[in-house]
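Below is one structure, written out as structure tokens; comments come after it.
The values are calculated or read from the model by the stated rules, or taken from the named source; none is laboratory data. Fair warning: this is a prediction, and the values are worked out from it, not measured in the lab. Glycine also receives a Cβ, built like all others from the backbone with ideal geometry; neighbour counts cover every protein chain displayed.
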Amino acid sequence: MFTPDSEAHALHGPDQRRQFVVQWLQARGEGQVSEIAEICGVSHMTMHRDLDALESAGVVERFRGGARLAPGQTSGLGGFGLSEDAERDVEIRRRANVTTKNLLAVRAAQLIEPGMTVALDDSTTVSAMAAHLPGRHAAGMITHSLALLVQVGRSLPVGAVVGVGGRYVSATDSFLGAAAIEHLEKLSSDISFVSTTSIRSGKLYHPDDSAAATKRACIRVGERRVLVTDSSKFSGPGMEMVAALSDFDDIVVDEHLSTRAREMVEESGARIHLVEAPAPMAVHVPAHL
């Protein structure tokens, strides 16, 4: 059964918001000020200031009521852009759909009870939960994400954080493969949180076999298993199966599900937590991940 959850969160700070705007314009080509402002959760006046700053930097060009990426700026400029040479794939994904990820993270974190041990995968959707873990008074954390180890490691009690080692993959900023899986199989937690890149026919998929296998192991660590995903994942191709939707006890997802996707999650038998959030846009995930 679907339960609505809502909380207003805007992107944190003008730099992060402007980076997102550039990435959004890269994907869409152009957009109206009103549309971009709504997605970012800010006023029209604030968005006009953001677009003026981006125009001054030569990253975008304005037209009446909207903006587009400036000619020749395929990846932006300086601190505002997403340089293809300077930014890794994981950084691009972290900057996409930030408001929606934050809202999903808030709801997912509410499933953590004081004293629980929590397992988190390396997805950018699940990583958004980092800021909310200390407030939930978790007793410990297990993760194969280097980013989460850095973010959360100092906020939990000494000895409460277990980092799963293995082959480090910079594209995901995490440890993957046989060594990571072997370590995960020796661990246990009260609850595990996982996301993925594609969901279709009632199953989760990922383009990389090593990442898919590591996610499977992370799911099995938890006594209670939670999928955290946005509605844009219910489309697109997938090669390596991670798990079935029916393997999860809970699914946290935004409200913008298609009719078929809604039927899919309802058929899984999991508890569905429907979150009111901006409609996410699909983000291309390279096959090498």
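Annotations for the structure displayed:
- Considering the conditions (1) surrounded by fewer than 16 Cβ atoms within 10 Å (Cβ to Cβ); (2) over 27 Å from K233 (Cβ atoms), Y168 is excluded by exactly one of them, (2).
- Filter result for V22 (assigned to a loop (DSSP other than H, G, I, E, B), modelled with pLDDT of 75 or more and surrounded by 16 or more Cβ atoms within 10 Å (Cβ to Cβ)): no
- Residue within the stretch 160-168 that is touching a helix residue (DSSP H, G or I) at 6+ places or on another chain (Cβ under 9 Å), of a type in the set (S, T, Y) and touching a residue at least 24 places away in the same chain (Cβ under 8 Å) present: no
- Of all residues in the stretch 109-128, exactly one satisfies the criterion of being closer than 20 Å to M281 by Cα, crowded, with 24+ Cβ neighbours inside 10 Å and hydrophobic (A, V, I, L, M, F, W, C), namely V126.
- Those strands (runs of 3 or more DSSP E) lying entirely in the stretch 227-289 with at least 2 residues at pLDDT 95 or above, more than 17 Å from K101 (Cα to Cα) and in the same structural domain as S198 (by TED's automatic domain parsing): 240-244
- Residues of the stretch 196-222 satisfying the condition of being part of a loop (DSSP other than H, G, I, E, B) and more than 19 Å from G177 (Cβ to Cβ): S201, G202
- Sole exception among (1) closer than 30 Å to P114 by Cα; (2) in a strand (DSSP E or B) for G159, by number: (2)
- Residue within the stretch 131-140 that is within 15 Å of D121 (Cβ to Cβ), at pLDDT below 95, assigned by TED's automatic domain parsing to the domain that holds M239 and small (G, A, S) present: no
- When S170, S174, S155 are screened for being polar (S, T, N, Q) and in contact with a Lys or Arg (Cβ under 9 Å, 6 or more places away or on another chain), only S170 passes.
- Check on F175, outside any loop (DSSP other than H, G, I, E, B), touching a helix residue (DSSP H, G or I) at 6+ places or on another chain (Cβ under 6 Å) and either on the phi > 0 side of the Ramachandran plot or buried (at least 17 other Cβ atoms within 10 Å of the Cβ) (or both): no
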